[in-house]
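One structure below.
The values are calculated or read from the model by the stated rules, or taken from the named source; none is laboratory data. Since we're looking at a predicted model, the values are computed, not measured. Positions of Cβ are generated from backbone atoms using ideal geometry, with glycine treated the same way; all protein chains shown enter the neighbour counts. For accessibility, only protein heavy atoms count, side chains too; no ligands or nucleic acids. Shrake-Rupley method; radii C 1.70, N 1.55, O 1.52, S 1.80 Å.
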Amino acid sequence: MTQHYLGIDVGGSSVKAAVVDVSSGQLCSAVSRWETPHPATPDALIAGFATLAQALPAAGRIGLAMPCVVQQGRTRTAANIDAGWIDFAAAQSVQQCLQRPVTLINDADAAGLAEMHWGAGRGQAGVVMLLTFGTGIGSALFHNGVLIPNTELGHLQLDGYEAEHRASARVRTEEQLDWPAWAQRVNAYLAHVQALFWPDLFILGGAVSENFALFEPWLRCRAPVRAAQFTGQAGIVGAALAAKLDAG
Ligand code: BGC
């Protein structure tokens, strides 16, 4: 049975895909990257998935990570992509276009699966909260390694704003915050999440986690905080893993 699955991760700024060896979590192709189209409608994105898939070596099932609440193969929300994804039968539509079985999962949940399986959360018992900092803020909650999906904690209120409008990586760039100033906002957010969920461990992900050493000195949090190991590639790896878990 093939252990090579295609992982696709749709973000507010870029779409990334690669073939993943799901016996090890290693990428076995280069990462294909494509700027998220505007508007990021289902038609525009699905046409792009087909082009991405053609550019990569053949692989089995497809795992698709979307920045949306996902239930029963449907995308339910659309915070940083086109509203056409709200209540859209995404798995079925992508499957029809790509002619391969598709597993759909929230992007942060996908990143969390990769980190818990092979990365920073491997073997970690208790409550683990992975937070991804990108265009928005994504969250993935685990208890003893089991995912509780669609937590959507980027939309918590922080200082009168949605948290992802105060502390995402996009806000850091747009407001030209230096690392200490951005870390202060992250600290306020972590304290809020801490007070609600009391995680035993936070894992901070998203491409910005490649720079963890630059902001870690300013992080203050009651629970231990680790950087994601797969950084910005966790969504691709986790999407492929979700497809494997789905295949049984
Ligand atoms: C979306 C989440 C997503 C996060 C990170 C939020 O705006 O609501 O579903 O996980 O962005 O992309």
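In table form, for the structure just shown:
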| quantity | calculated |
| --- | --- |
| Qualifying residues in the range 86-100 (those that are of a type outside the set (Lys, Arg) and touching a Gly at 6+ places or on another chain (Cβ under 8 Å)) - the one nearest to the ligand (Cβ to nearest atom) | Ala90 |
| Qualifying residue in the range 68-81 (condition: within 26 Å of Leu158 (Cβ to Cβ), among the hydroxyl-bearing types (Ser, Thr, Tyr) and either within 12 Å of the ligand (Cβ to nearest atom) or not in a strand (DSSP E or B) (or both)) | yes |
| Residue ID - farthest from the chain's Cα centre (by Cα), chosen from residues in the range 136-150 that are assigned to a loop (DSSP other than H, G, I, E, B) and surrounded by fewer than 22 Cβ atoms within 10 Å (Cβ to Cβ) | Asn144 |
| Restricting the range 111-135 to residues that are in a strand (DSSP E or B) and closer than 22 Å to Gly25 by Cβ, the residue that is nearest to the chain's Cα centre (by Cα) | Thr132 |
| Among residues of the range 129-149, those that are in contact (Cβ under 8 Å) with a residue 12 or more places away in the chain, aliphatic (A, V, I, L, M) and more than 11 Å from the ligand (Cβ to nearest atom), counted | 3 |
| Pair list, Cβ < 8 Å and 6+ apart or interchain, from the range 175-188 residues that are assigned by TED's automatic domain parsing to the domain that holds Phe215 to residues that are among the charged types (D, E, K, R) and open to solvent by 40 Å² or more (accessible area, probe 1.4 Å) | Leu177/Arg185; Trp182/Arg172; Arg185/Arg166; Asn187/Arg220; Ala188/Asp159; Ala188/Arg166 |
| Every residue from the range 92-101 that is modelled with pLDDT of 95 or more and either open to solvent by less than 60 Å² (accessible area, probe 1.4 Å) or assigned to a strand (DSSP E or B) (or both) | Ser93, Val94 |
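Matching residues to (1) open to solvent by 50 Å² or more (accessible area, probe 1.4 Å); (2) touching a helix residue (DSSP H, G or I) at 6+ places or on another chain (Cβ under 6 Å); (3) closer than 29 Å to Gly73 by Cα:
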| residue | (1), (2), (3) |
| --- | --- |
| Thr173 | yes, no, no |
| Trp179 | no, yes, no |
| His192 | yes, no, no |
| Phe212 | no, no, no |
| Glu216 | yes, no, no |
| Gln229 | yes, no, yes |
| Gly232 | no, yes, yes |
| Lys244 | yes, no, yes |
